[in-house]
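Quick note: the coordinates plus some simple rules give every number you see, no bench work behind them. For clarity, every value in this text was computed on a predicted model and none was experimentally measured. FYI the Cβ positions are ideal-geometry reconstructions off the backbone, even for glycines, and counts take in every protein chain you see.
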Amino acid sequence: MAQIITQLPSFFKVLVAKDFSTQLQIPQVFVNTFSDIFMSNQFHIHTHSADHFWKVEVESFNERTYFTKGWEEFVKENLLEFLDFIVFKYVDPSRSSYENQIRNKGQEKERKEVTYIDIDPPTDEKENDDSKEHVKRSIALAHEEARRFKSNHPFFQVDLHPSYVNSFMYLPTKFYKTYLKGKVEEVKLEVSGRIWSVGLIRVNGNQKSKCNSARLSRGWRAFFEENKLKPGEVCIFEMKKWSNFQVHIFRC
């Protein structure tokens, strides 16, 4: 399912194809109308909240054009799912860049919260490789520091994924069932003396289990943005008091 949605070079996709995780068809009317964009058969995709990019190739066969090699990695690392809504918007003709939007299927329609993504043609490969290695080293250091954390209070660790910038974050199932299940609908998150109130929504499980886990929702995005969190960083949620967490941030 696809459609040209503005006079600017743009289109949207709803992930409904069975093979959406391995390739993504680009609307042919878009390809034909803006053929100069596809003079390069390779693009770089990077979210505004991430410090690295995903290299994605464009291929044409059977009179159709697809994002192919590299798309599967992008889907996995951004936790894209069936029925997710993505908007590709061409915003910089001089650089063949796009501004994309992703809205997860589970988000409330009235909130219309999105994650922004750019797509650019490849630049100098050595520069890109150096940037990737720097990001990997920074992430590894953040994880190493988090592993040294110790406390007598219950705590859990979360590795921040690009999808967490949207509007929710899942709690580890074991921690939720042990300390919070069915007892709380809001938690307090504290960083450097400042406190954020964040909603806790139970997530229904299968028929044998009425509730498997929960996720932080209302207020989570504000917490994420106001603490300038980034994917790849690590947060440890230490429960100092019931439903009150001290959040330790390990930055990369």
Among residues other than PRO27 whose Cβ falls under 10 Å from its Cβ, what is the net charge (Lys/Arg +1, Asp/Glu -1)? +2
Between ARG64 and SER138, the FRET efficiency computed from the C-beta separation at R0 = 45 Å comes out, to the nearest 0.05, as 0.70
State which entries of LYS183/LYS230; LYS18/LYS181; LYS136/LYS183 exceed 32 angstrom in Cα-Cα distance in the structure shown. LYS18/LYS181; LYS136/LYS183
Arrange GLU233, GLU225, GLU63, GLU57 by Cβ neighbour counts within 10 Å, fewest through most, would you? GLU63, GLU225, GLU57, GLU233
Test of understanding: ordering CYS235, CYS252 by Cβ neighbours within 10 Å, fewest first, what list do you get? CYS252, CYS235
For 15-23, 215-223, ranked highest to lowest by mean beta-carbon neighbours within 10 Å, the order is 215-223, 15-23
